[in-house]
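Asker: Below is one structure. I have some questions about it.
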Amino acid sequence: MAAQMIPVIDSKPTPVYLGSEAEDWAIPLIDVDGSPVRCVETIGDTFQATWDCGDATIESSVVTGSKNQDNTFQRYLRANGLEAAQWEYKGNLRSAHNSFNGGAMSLARNIDGVEYTLLVYVSGENFGPLYNLALNELIEENEQTKDIARA
């Protein structure tokens with residue numbers, strides 16, 4: 001019943017992108033077999049894209065102007081009601097999850113003096129596989145990106 005209440009842009013699955021095409025920082029979410037992860041994009045918050053992937057939901061956006069990446073990530077966790085035991089850091093990547101319903105991650109980078117933060121939240125009863133795929137994509141992006149910001 002709850003799935004029927006979520007407005008849908010198009011009922012056909014489309015490739016999932018982490019980040020924001022409008023901000024020119026969008027990373028395709030790739031499955032372990034090398035194919036794009038495809039889910040139904042829904043109408044959510046105007047500042048983030050949301051995909052319904054059956055038993056998990058992915059939300060992602062890019063924000064600018066963060067002065068403190070730890071504070072930005074903490075606010076994102078609170079806004080999504082995520083209580084995580086601890087954060088993990090790798091370069092400019094922060095991630096946190098719990099064992100039962102969700103996880104979030106953020107990746108910071110500096111482009112032409114502007115601080116960008118890519119945010120991802122994965123939730124649902126089977127969030128783990130999509131959370132791990134998204135985290136691996138951001139780990140790879142973090143390793144490839146040389147012009148990144150420091151906290």
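The values are calculated or read from the model by the stated rules, or taken from the named source; none is laboratory data. Since the model is a prediction, treat every value here as computed from it, not as a measurement. Quick reminder, even Gly has a Cβ in these numbers, built from the backbone with ideal geometry, and neighbours come from all protein chains shown.
Asker: Could you tell me which residue of the range 71-122 is modelled with the lowest pLDDT, considering only residues that are of a type outside the set (S, T, N, Q), assigned to a loop (DSSP other than H, G, I, E, B) and more than 22 Å from GLU141 (Cα to Cα)? Walk me through how you get there before you give the answer.
Answerer: So the first thing to find is which residues in the range 71-122 are of a type outside the set (S, T, N, Q), and the list is 73, 75-79, 81-85, 87-91, 93-94, 96-97, 100, 102-105, 107-109, 111-116, 118-122.
Okay, now just the ones that are also assigned to a loop (DSSP other than H, G, I, E, B), so 81-85, 87, 91, 100, 112-113.
With more than 22 Å from GLU141 (Cα to Cα) added as a condition, the list becomes 81-85, 100.
Numbers: GLY81: 88, LEU82: 87, GLU83: 79, ALA84: 69, ALA85: 65, PHE100: 84.
This residue is ALA85.
So that you can scan it fast, the table gives a plain yes or no per residue for (1) farther than 25 Å from ARG38 by Cβ; (2) in contact with a Leu (Cβ under 6 Å, 6 or more places away or on another chain); (3) free of Cβ contacts under 8 Å to residues at least 24 places away in the same chain:
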site: GLY65; (1), (2), (3): yes, no, no
site: GLY81; (1), (2), (3): yes, no, yes
site: LYS90; (1), (2), (3): yes, no, no
site: SER95; (1), (2), (3): no, yes, no
site: PHE100; (1), (2), (3): yes, no, yes
site: GLY103; (1), (2), (3): no, no, no
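Asker: Kindly provide the set of residues from the range 1-32 that are among the aromatic types (Phe, Trp, Tyr) and at pLDDT below 95, ordered by number. Quick ask: steps written out before the conclusion?
Answerer: At the first step, the residues of the range 1-32 found to be among the aromatic types (Phe, Trp, Tyr) are 17, 25.
Across the range 1-32, the qualifying residue is only TRP25.
Asker: I need every pair where a residue in the range 106-118 that is buried (at least 22 other Cβ atoms within 10 Å of the Cβ) has its Cβ under 6 Å from the Cβ of a residue that is among the small types (Gly, Ala, Ser), sequence separation at least 6 or different chains.
Answerer: Filtered contacts from the range 106-118: ALA108/ALA149; THR117/SER66; THR117/SER106; THR117/ALA108; LEU118/GLY19.
Asker: Just to verify a result, which residue in the range 33-67, among those that are in a loop (DSSP other than H, G, I, E, B) and under 23 Å from THR145 (Cβ atoms), is modelled with the lowest pLDDT? Can you show your working first?
Answerer: Pass one, the range 33-67, residues in a loop (DSSP other than H, G, I, E, B): 33-35, 37, 43-48, 53-56, 65-67.
Next, only the ones that are under 23 Å from THR145 (Cβ atoms) stay: 34, 37, 47-48, 65-67.
On the way: GLY34: 97, VAL37: 98, PHE47: 79, GLN48: 86, GLY65: 89, SER66: 90, LYS67: 87.
Here the answer is PHE47.
Asker: For the range 134-151, which residues satisfy the criterion of being crowded, with 19+ Cβ neighbours inside 10 Å and at pLDDT 95 or above?
Answerer: The answer is ALA134, LEU135, GLU137, LEU138.
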